[in-house]
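Chemist: Okay, handing you the structure first.
The values are calculated or read from the model by the stated rules, or taken from the named source; none is laboratory data. These numbers were taken from a predicted model, which means no experiment stands behind them. Positions of Cβ are backbone-derived with ideal geometry, glycine not excepted, and every protein chain shown enters the neighbour counts. Heads up: the accessible areas ignore ligands, DNA and RNA and are worked out on the full protein's heavy atoms, side chains in. Shrake-Rupley method; radii C 1.70, N 1.55, O 1.52, S 1.80 Å.
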Amino acid sequence: MTVPTNPLLHYNPYEAKHQLDLSLTKAYLLLHSQLKPPFPLTIPSSSEYALLTQALAFSLLTQPDLTKINLKHLHASVTDGYDIFTTTLLNLTDNCYPKLLPVPRTQLLFLCSQLIDVAAFKVDSLVISLLRRINGGDFTEPNLWLCAELAKILSDNWDWLVDEPLVLTSALFVFLRLLADHYRLVSGPQLDELKRLEISFCIRVLRNCFHLCLGIGRDLIRLLQDLFVIPEFKELWKDLICDPCKFGVLGFSDLCDIYRIKTPRHYFLLRISQEMEAQLRFLLTHVKWGNQQRYQVWFAKKYLSLPGSETVIVDVIRFICQCYHPSKEIIQSGVISRWAVIGWLLKSCKRNYFEANAKLALFYDWLFFNDTIDSIMDIEPAMLLIVSSVPQYMEITHCLLEFLFLVVDNYDVQRKNVIAKGVLGAFNALVKRGVVHSLEVLMNCDKLSPFLREKLSKFLFDKALVSQEKEIIQMQSGDHQDQIAGMPEQAHQWL
Amino acid sequence: MQKQSWMKLKDLTPAASNSINATVILVEKGNTIEGGKEKTETCVALVADETACVNFQMWGDECEAFQPGDIIRISKGIFSRHKNKLLLRAGKRGSLEKVGEFTMLFVESPNMSEMRYMPNANQPSKLVPESQLTKP
């Protein structure tokens, strides 16, 4: 006699069943009769417990009518802090989320909030995995639903959240990033409610937990900049610039304090789905130069074909620069280089807004480059893309150098000297570490416009003088902050 | 009973038996050709693994089920001549399963469908690619 089961995952014709689905179903079929009371009072062995947990997980996900009794059973039988149960849901989220049917999906989010209630082991990882499942550049209903559900769950569990700095700041990073895209979409009741949730969550975190937000580091500024049009964020920006003490955090008195902090790599994974990460790592680890074309077409079809989806290119570029640093073996094995993949991604941007943000994403680590805390591998792709485009693709070299100088001058006019110092440091490090032999390849390149050649020259040599001068002044007198702040204004007269 | 053993495309030789078990990636898909009144629709695609590629024929609802980038497990497939073309297909007794996407290396030559196969001098009943003929 076959036991009827509700399906967990959606399969297209000819699709192989997922291993996790098979093992959860198997556990359920084995133990389904034991999921009804009376429940045994004996403690199960570890293998029995694992099987029971899996059977309960399957039933909880696929049989919502039995939620109450299954939850009672779960809470009564737990002996490992919900480790196996949460890990099961975590594996499902990481490996099968896109295939989950609507009912199991709803149940999964519900179970997540239940696990937060009991401070289950690894529930922080589950929340972070779910945050990753909000696809960038995807404005379909199921994706927006997930976004709203997570915003609600986290807002409703504030007390738990403030004790989980990594989850708190990860959620902030995610919702700040998504808000920039959502705010540009056409209004509607569902979307307006979502935006309201996102804004209120983000502002609450920023206003109440700024000391934790600092841990995100400099990319926090990049995210906040895109939100300047939102009134609540405009107010926040006013305070950040004019009244930093309002945030009450020792060590934060100026934006430079945030620029100085390198954003930990973990945050860049948040905006790349698990599958996208796997595909990018595969492309950059195994596919040889010359063979990348097909993979790029498939990647673009899957992730960049819907309107508005190109917004995710920014996040892919941050991921490639920060999270994927190939070993020497991989670099020497003839695998396609990061700079070439980034070149393709930049070309895939159809609108100027996205292209500008993508270029900023590429150069962001240059702006505040500090040899002691930043990695040369963060800035290497941009340099190689600039240099490798000579002489065949000069428009790329021109476009990138023009953009770089534009950003140095305009990204943060008040703190131009900090940014100029960062970019100069980046150039110096790239030469020192041998990423390029020297910058002569650009400065003596007759295909490069005279304007850019001169600008580059001036930048590299004048800045050196400026920083030397600054050091002398600093050594002589620590009190003359105004002098130091004022000086770069004068030094930039030549631009 | 044939034991299921997995093979690489470079080892394909035409045979009347459905004994091909291979994992391939779908590289490019041709147009679906309508079957007309009584015939099912067909579609020819290029599939490949790290050793070779081959022309792959899909029948009926297989045509819509697989897209470029799909990794397909072919069980008990058949590699034989069909209207003078050498094609790999699931056939009546074989099956196809999509087991993944993207993460597989492949080559686009040699194409086993374009090989010339000759009888091996020592074993005339078995065909081998012309390049592999043993000298008498």
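Chemist: So what J values fall out for the stretch A:241-247 if you push phi through Karplus, 6.51 cos²θ - 1.76 cosθ + 1.60 with θ = phi - 60°, rounded to Hz, Gly and Pro as x?
Modeler: 8, 9, 9, x, 5, 4, 7
Chemist: Mind listing the long-range amide H neighbours of residue A:157? Cut-off is under 5 Å, sequence gap 5 or more, other chains count too, H placed in the peptide plane at 1.01 Å from N.
Modeler: It is none; the list stays empty.
Chemist: So for the stretch B:1-124, averaging the separation of alpha carbon pairs under 8 Å that are six or more residues apart and normalising by length, what relative contact order in percent results?
Modeler: 28 percent.
Chemist: Right, another one. Pop out the ³J(HN,Hα) list for the stretch A:73-78 in order, Karplus 6.51 cos²θ - 1.76 cosθ + 1.60 with θ = phi - 60°, rounded to Hz; leave Gly and Pro as x.
Modeler: For the stretch A:73-78, the Karplus curve yields 4, 4, 5, 6, 9, 5 Hz.
Chemist: Would you mind giving the average projected area, over all directions, of the Cα convex hull of the stretch A:64-126 in nm² with one decimal?
Modeler: Result: a mean projected hull area of 4.1 nm².
Chemist: May I ask you to list the lysines whose Cα is less than 27 Å away from that of residue B:39, ignoring any residue fewer than eight positions away on the same chain?
Modeler: Residue B:39 reaches B:29, B:76, B:83, B:85, B:92, B:98.
Chemist: Per residue, how much accessible area does the stretch B:1-133 show when a 1.4 Å probe rolls over the protein heavy atoms, in square angstrom?
Modeler: 56 Å²
Chemist: Then there's this: With 19 Å as the cut-off, how large is the P(r) tail for the stretch A:356-425, expressed as percent of Cα-Cα pairs? Walk me through the intermediate numbers first.
Modeler: On the way: 774 of 2415 pairs.
Roughly 32 percent, once rounded to a whole number.
Chemist: On a C-alpha basis, how far is the centre of the stretch A:149-208 from the centre of the stretch A:369-401 in Å? Whole number, if you could?
Modeler: 34 Å
Chemist: Right, something else. Of B:126, B:98, B:39, which is the most mobile in a GNM of chain B whose springs link Cα atoms less than 10 angstrom apart?
Modeler: B:39
Chemist: Check which residues have an amide H placed less than 5 Å from residue A:15's amide H, if you skip close sequence neighbours.
Modeler: Hits under the 5 Å cutoff: B:98.
Chemist: Mind checking the mean number of beta-carbon atoms from other chains within 10 Å of the Cβ atoms in A:308-317?
Modeler: Per residue, the number of nearby Cβ atoms from other chains is 0 on average.
Chemist: Next up: Can you give the average number of partner chain beta-carbon atoms within 10 Å of each beta-carbon in peptide B:104-112, as a whole number?
Modeler: The shielding value for this peptide is 2.
Chemist: To continue, here is another question. Inside 10 Å of the C-beta atoms of A:15-22, what's the mean count of C-beta atoms belonging to other chains?
Modeler: Numbers: counts 6, 8, 1, 1, 0, 0, 0, 0.
The mean count of partner-chain Cβ atoms within 10 Å per residue comes to 2.
Chemist: Could you run the Karplus curve 6.51 cos²θ - 1.76 cosθ + 1.60 with θ = phi - 60° over the stretch A:86-96 and give me ³J(HN,Hα) per residue in whole Hz, x for Gly and Pro?
Modeler: Coupling constants for the stretch A:86-96: 5, 4, 4, 5, 5, 4, 4, 5, 6, 10, 10 Hz.
Chemist: How big is the B-A contact in terms of buried accessible area, both chains counted, 1.4 Å probe, rounded to the nearest 100 Å²?
Modeler: Approximately 1700 Å² gets buried when B meets A.
Chemist: Cβ neighbours within 10 Å, averaged per peptide: list A:54-60, A:89-95 in order, most packed at the top.
Modeler: So the peptides A:54-60, A:89-95, ranked by packing, come out A:54-60, A:89-95.
Chemist: Calculate the translational D of chain B in whole µm² s⁻¹ from Stokes-Einstein, where the hydrodynamic radius comes from the Kirkwood formula applied to all Cα pairs, the temperature is 4 °C and the viscosity 1.567 mPa s.
Modeler: The diffusion coefficient I find is 84 µm²/s.
Chemist: In terms of Cα to Cα distance under 25 Å, which lysines are near enough to residue A:152, apart from those fewer than 8 places away along the same chain?
Modeler: Correct list for residue A:152: A:68, A:72, A:99, A:122, A:195, A:234.
Chemist: Sorted by mean Cβ packing within 10 Å, highest first, what order do the peptides A:215-227, A:256-268, A:310-322 take?
Modeler: A:310-322, A:215-227, A:256-268
Chemist: Using alpha carbon coordinates only, what is the Rg to Rh ratio of chain A, with Rh defined as the Kirkwood radius?
Modeler: 1.03
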